1. Test Leu20 against the stated conditions and say whether it is aliphatic (A, V, I, L, M), closer than 15 Å to Met226 by Cβ, at pLDDT 95 or above and not assigned by TED's automatic domain parsing to the domain that holds Tyr171.
2. Would you check which residues across segment 213-243 are among the aromatic types (Phe, Trp, Tyr), out of contact with any Asp or Glu (no Cβ under 9 Å at 6 or more places or on another chain) and not in a loop (DSSP other than H, G, I, E, B) and list them?
3. Identify the residue in segment 1-17 that is more than 28 Å from Ala129 (Cα to Cα) and either in contact with a helix residue (DSSP H, G or I) (Cβ under 8 Å, 6 or more places away or on another chain) or surrounded by 16 or more Cβ atoms within 10 Å (Cβ to Cβ) (or both) and, among all such residues, is modelled with the highest pLDDT.
4. How about segment 81-110: which of its residues are touching a residue at least 12 places away in the same chain (Cβ under 8 Å), in contact with a strand residue (DSSP E or B) (Cβ under 6 Å, 6 or more places away or on another chain) and not β-branched (Val, Ile, Thr)?
5. Please tell me if Ile114 is in a strand (DSSP E or B) and either in contact (Cβ under 8 Å) with a residue 60 or more places away in the chain or surrounded by 18 or more Cβ atoms within 10 Å (Cβ to Cβ) (or both).
6. Looking at (1) buried (at least 16 other Cβ atoms within 10 Å of the Cβ); (2) charged (D, E, K, R); (3) more than 24 Å from Pro174 (Cβ to Cβ), can you tell me which one Asp31 breaks?
7. Output the number of residues of segment 180-212 satisfying the condition of being assigned to a helix (DSSP H, G or I) and either crowded, with 18+ Cβ neighbours inside 10 Å or touching a residue at least 12 places away in the same chain (Cβ under 8 Å) (or both).
8. Taking the options Asp59, Asp68, name whichever one is over 22 Å from Met101 (Cα atoms), surrounded by fewer than 18 Cβ atoms within 10 Å (Cβ to Cβ) and among the charged types (D, E, K, R).
Amino acid sequence: MKYRCEEGQVSYGEAIGILLIENYVPFIPGDVANATTYGYPVRFQRIDGVTHRHLFSHDVSVKKKVLDAGIALKKEGVRAVTGDCGFLALFQEEIRESLQMPVFLSSLLQLAFIEKIIPEKDKIGIITANSGSLTNSLLEAVGAPGSSKLVLKGLEDKDNFKKAVFDEAGYLDPELIEAEVVDAVKELTEKEPEVGAILLECSLLPPYSSTVSAVTGLPVFDYISMIDYVHSALVKKKYSGHM
């Protein structure tokens, strides 16, 4: 077999490119921004000058910075581009069309899929970093089901999460954050007992998915479930076995 060199490319084997906003938090294993989260290589690209504050306020003036970072990833040979904040959904359509490759910037893109696999009577619970910023227009941008199908609970009122993520205190205690996430999930399911699945919107929340699953007994989706799924479509494994 002969391999062909791609012009300007100096590394290979990274199918997934991940756009990172400037949010200065300790990104622990399981977080989208921690390379040890994955069982395959990924390529990270910082979006210079774009913070969670821009995305929470739906500041579309940073779109070019997001696009430029996506272009940089494409030039380095990735085959699909994702991100590390669900509110990057603001730019999903335009970045997808500009890059002309698979783009899945927001964990919220899973909502349409989740709706189709749970019973019709069931609702989808969303644990989000900031419920005030998760507007109907943002949900519409990712093709989410109607609001009657969704139940939201934000973490903006949870002290430890707020200090670590919003205020960027520089430290994070996973046990305290996990307790706050579990509390939020319990509050959500008590409010709406017909929740049939949970989506953890924020890229910092996958480390707590297994606990949420154990506590609720429900299917739990997060950023990593989405990234793993797309990677499995891009890099197909060969099967071996016997009959």
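1. Numbers: aliphatic (A, V, I, L, M): yes; closer than 15 Å to Met226 by Cβ: no; at pLDDT 95 or above: yes; not assigned by TED's automatic domain parsing to the domain that holds Tyr171: yes.
No.
2. Residues of segment 213-243 among the aromatic types (Phe, Trp, Tyr): 221, 223, 229, 239.
Filter once more, so that each one left must be out of contact with any Asp or Glu (no Cβ under 9 Å at 6 or more places or on another chain): 221, 229, 239.
Passing the criteria: Phe221, Tyr229.
3. Here is the first cut: in segment 1-17, the ones more than 28 Å from Ala129 (Cα to Cα) are 1-14.
Among the residues that remain, those that are also either in contact with a helix residue (DSSP H, G or I) (Cβ under 8 Å, 6 or more places away or on another chain) or surrounded by 16 or more Cβ atoms within 10 Å (Cβ to Cβ) (or both) are: 8-9, 14.
Working: Gly8: 82, Gln9: 85, Glu14: 97.
Among those residues, the one meeting the criterion is Glu14.
4. Just the residues of segment 81-110 that are touching a residue at least 12 places away in the same chain (Cβ under 8 Å), to begin with: 81-95, 98-99, 101-110.
So of that shortlist, the ones also in contact with a strand residue (DSSP E or B) (Cβ under 6 Å, 6 or more places away or on another chain) come out as 81-84, 95, 102-105, 110.
Gly83, Asp84, Pro102, Phe104, Leu105, Gln110 - these are the residues of segment 81-110 that are touching a residue at least 12 places away in the same chain (Cβ under 8 Å), in contact with a strand residue (DSSP E or B) (Cβ under 6 Å, 6 or more places away or on another chain) and not β-branched (Val, Ile, Thr).
5. Values: in a strand (DSSP E or B): no; either in contact (Cβ under 8 Å) with a residue 60 or more places away in the chain or surrounded by 18 or more Cβ atoms within 10 Å (Cβ to Cβ) (or both): yes.
So Ile114 fails the test.
6. That leaves (3) as the condition not met.
7. Step one: filter segment 180-212 for residues assigned to a helix (DSSP H, G or I), giving 180-191, 206-212.
When the remaining residues are screened for being either crowded, with 18+ Cβ neighbours inside 10 Å or touching a residue at least 12 places away in the same chain (Cβ under 8 Å) (or both), the result is 180-189, 191, 206-209, 211-212.
Matching residues across segment 180-212 total 17.
8. Numbers: Asp68 fails: over 22 Å from Met101 (Cα atoms).
Within the list Asp59, Asp68, the selection yields Asp59.
The values are calculated or read from the model by the stated rules, or taken from the named source; none is laboratory data. What you see is a predicted model, and the numbers here were worked out from it, not measured in a lab. Every residue, glycine among them, receives a Cβ derived from its backbone with ideal geometry; neighbour counts consider all protein chains shown.
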